[in-house]
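Heads up, the thing below is written out as structure tokens.
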Amino acid sequence: MKAAALPKATMTDAAPGTTPYDVLGVDRHASAEELRRAYRRRQRQTHPDLGGDPAAFHAVQIAWERVGTPAGRAEYDHTAAGAPRSARSAPTEDEGTRVWTTGTGRGSARPPSPARSYGHPGGASRQRYLTLVREWVGRGVDLADPYEEDLVRRAPREVRHALADALAEEATARILSNLGPSFAVWHDVATAPDSGAWTRSAGLSPSESAKIDHVVLGPTGVFVLQSEDWGAPARPRGSELVSDALPAGERPVRSLARRAGIARSWGVAVTAVVLVLPDDALGEDVVLLRRGRGRRPARLAVRRGSLTFLLTVGLPGTGRLPDAAFFEIRTRLQQHIRFV
């Protein structure tokens, strides 16, 4: 599936005089429950992956951002009635009536709040690179700049890949941080708690049991991400990705899916495992390699530039997490996740 561009729509993009209530298809005096049901109905009708129009889908999100909470609705109604700013209600944050957004501030020029992030993205890979490059150069040799361009170019593949891993993880982390406060992100997540007992019982090799680059929780579910840059294009082959830059027999998607199995010990179901690649390394924006089934997560590959679209729009047919489920999952992840 290809990610369609979401235009920077406003309420007036739909039609002159259009209000959030018009976009959602309800009367302005509708109850909060009627408004919520209308929003969910319009989401299904306009979702791009269900045949809907991306501009209409985005307009629905904007409408809900404006009137989806009591404070937001009161502010909009006062504004629409021509009340002066001093008479408007001050916005308040109420997690019980949380509005899922992608970080677009309602009528504000202030930058959106970042996603909640934990861990050190790329930290373990940079440490691995520094260890490997010093071993390659030789003990006792003065290494003034371990990132010197010519040095990196001459290094063996394993050494260069460690640095490429770190840079890819850091690039993905910058994108994830801009998802907004509706998302929580954990970086460099350990997959070997309890002295490696879990990975041994799962039959993972040492290379597979190292870590998960990113775990993302948002309104569209729980995503396990691996950031890669193999230095060459990748292509799907069945439910796997292959690349001329990969050693024979390496199966990166399967390996990630096996590491993601640790989520069972957290008491959390994973929506999808996703390999994130540079934009020029993949032929499509989003490649569905295997559909999810039951408790088995979907498997995908995505261009880094389309990652925000995938995480905010979600997978077809999966729906969105209710507020209560979001907070319960976030608590579980906070309790169980450990870092490398």
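The values are calculated or read from the model by the stated rules, or taken from the named source; none is laboratory data. Computed from a predicted model, the values in this text were never measured in an experiment. Every residue, glycine as well, gets a Cβ built from its backbone with ideal geometry; the counts of neighbours run over all protein chains shown.
A quick yes/no check of all residues on (1) at pLDDT 55 or above; (2) within 25 Å of the chain's Cα centre (by Cα):
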| position | (1), (2) |
| --- | --- |
| 101 | no, yes |
| 106 | no, yes |
| 109 | no, yes |
| 114 | yes, yes |
| 117 | yes, yes |
| 126 | yes, yes |
| 129 | yes, no |
| 134 | yes, no |
| 140 | yes, no |
ask   = Is there a residue in segment 290-301 that is modelled with pLDDT of 95 or more, closer than 21 Å to residue 211 by Cβ and in a loop (DSSP other than H, G, I, E, B)?
value = yes
key: Index of the failed condition, residue 243 passing every other in (1) modelled with pLDDT under 95; (2) under 21 Å from residue 169 (Cα atoms); (3) hydroxyl-bearing (Ser, Thr, Tyr)   = (1)
Unique residue being under 21 Å from residue 325 (Cβ atoms), outside the structural domain of residue 216 (by TED's automatic domain parsing), modelled with pLDDT of 80 or more and not aliphatic (A, V, I, L, M) when the list is 37, 73, 28 = 37
task = Considering only residues that are of a type in the set (Val, Ile, Thr) and not in a loop (DSSP other than H, G, I, E, B), look in segment 217-230 and name the one that is farthest from residue 274 (Cα to Cα).
result = 222
message = Could you check segment 134-183 and list, in sequence order, the residues that are of a type in the set (Val, Ile, Thr) and either in contact with a strand residue (DSSP E or B) (Cβ under 7 Å, 6 or more places away or on another chain) or over 26 Å from residue 245 (Cβ atoms) (or both)?
response = 141, 172
note = Among the residues of segment 231-274, the number that are assigned to a loop (DSSP other than H, G, I, E, B) and of a type in the set (Ser, Thr, Tyr) is 2
query = In this structure, is residue 253 at pLDDT 95 or above, of a type outside the set (Phe, Trp, Tyr), crowded, with 17+ Cβ neighbours inside 10 Å and over 24 Å from residue 332 (Cα atoms)?
reply = yes
All positions within segment 153-194 that are at negative phi and in a loop (DSSP other than H, G, I, E, B) = 155, 156, 178, 179, 181, 182, 183, 191, 192, 193
